[in-house]
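Report on one structure; see the data block that follows.
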Amino acid sequence: MTTGEHISHKFDEDVEEVTTSVLNMGGLVVQQIEKSVKALLAGDKEMAEEVIEDDLKVNTFDVDIDEMCNSIIVMRQPTATDLRLIMAIIKTTSDLERMGDEAKRIARQAIDISKRGVFPEQFDSIEQMSTRVIGMLNKALDAFARRDVDESFNVIQVDKKVDKDYENLVRQQITYMMEDPRKIPVAIDLLWSSRALERIGDRACNICEYVIYLVKGKDVRHVEIKELEKHL
């Protein structure tokens, strides 16, 4: 094996290791989101507190993966596509860490609601929204693992539905507050939670944009859906 082949082989091993860590981090973040929403819907204070405590694990992944990427850059000195891959990993990890923060925010709202008392008839919309957002994140992670441009585009298209879910939920909660001022505190908690879910959907789209940039070499941030479809 030549020196060049050896370096290339070691780079592939390093990338495989760090990619596995990113996917493990993504799996943890998905669990965090699922638990935080479940705690919100059930008014489960203990489960919400678990989400807040486990955020440390997400942060640890973030630091460890960042260190691994820095080491790869220093030791392997990647260029062109390889460098794009490392940058995509770094950005993906950053978005996952922020999704973890959003899950923690939902958990805090769940604790607040558990203290106030829940109104189950208000939860249908946010449950539907959370299902869609979690589906987006799972597919985004799958697209990242397989470098799948088509799947990435599909996820980005779903984001419009999430935005619509958010708009509908905002209108719904405003109506509840106008009809019964006693529901204002809970409605505000739900609005903050739905906003957190909407941001998670946006960050799932970010991951897909990194995949498209990695595979196609095109920066598709701030590009409209119709224009993006032409690029792909």
Only one residue in LYS115, LYS139 is open to solvent by 70 Å² or more (accessible area, probe 1.4 Å) and closer than 21 Å to ALA48 by Cα. Which one? LYS115
Here are the criteria: (1) under 20 Å from the mean Cα position of the chain (by Cα); (2) within 23 Å of LYS139 (Cβ to Cβ); (3) among the charged types (D, E, K, R). Tell me which single one ASP64 does not satisfy. (2)
Test LEU56 against the stated conditions and say whether it is within 18 Å of the chain's Cα centre (by Cα), surrounded by fewer than 14 Cβ atoms within 10 Å (Cβ to Cβ) and among the hydrophobic types (A, V, I, L, M, F, W, C). yes
How do the pairs read when you match residues in region 56-74 that are at negative phi with residues anywhere that are polar (S, T, N, Q) and open to solvent by 70 Å² or more (accessible area, probe 1.4 Å), using Cβ under 8 Å and keeping only pairs 6 or more apart or on different chains? PHE61/ASN24
Considering region 92-103 alone, what residues qualify as being open to solvent by less than 40 Å² (accessible area, probe 1.4 Å) and either within 14 Å of ASP55 (Cβ to Cβ) or touching a Ser or Thr at 6+ places or on another chain (Cβ under 9 Å) (or both)? THR93, LEU96, GLU97, MET99, GLY100, GLU102, ALA103
Taking region 20-53 and keeping only residues that are open to solvent by 60 Å² or more (accessible area, probe 1.4 Å), acidic (Asp, Glu) and more than 18 Å from the chain's Cα centre (by Cα), one is left with GLU46, GLU49, GLU50, GLU53
Of the conditions (1) in a helix (DSSP H, G or I); (2) more than 17 Å from the chain's Cα centre (by Cα), THR131 satisfies every one except a single condition; which number is it? (2)
So VAL220 ticks every box in (1) modelled with pLDDT under 90; (2) surrounded by 15 or more Cβ atoms within 10 Å (Cβ to Cβ); (3) assigned to a helix (DSSP H, G or I) but one. Which box is left unticked? (3)
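The values are calculated or read from the model by the stated rules, or taken from the named source; none is laboratory data. What you are looking at is a predicted structure, and each value in this text was computed from that prediction instead of being measured. Note: ideal-geometry Cβ built from the backbone for every residue, glycine included; neighbour counts use all protein chains shown. For accessibility, only protein heavy atoms count, side chains too; no ligands or nucleic acids. Shrake-Rupley method; radii C 1.70, N 1.55, O 1.52, S 1.80 Å.
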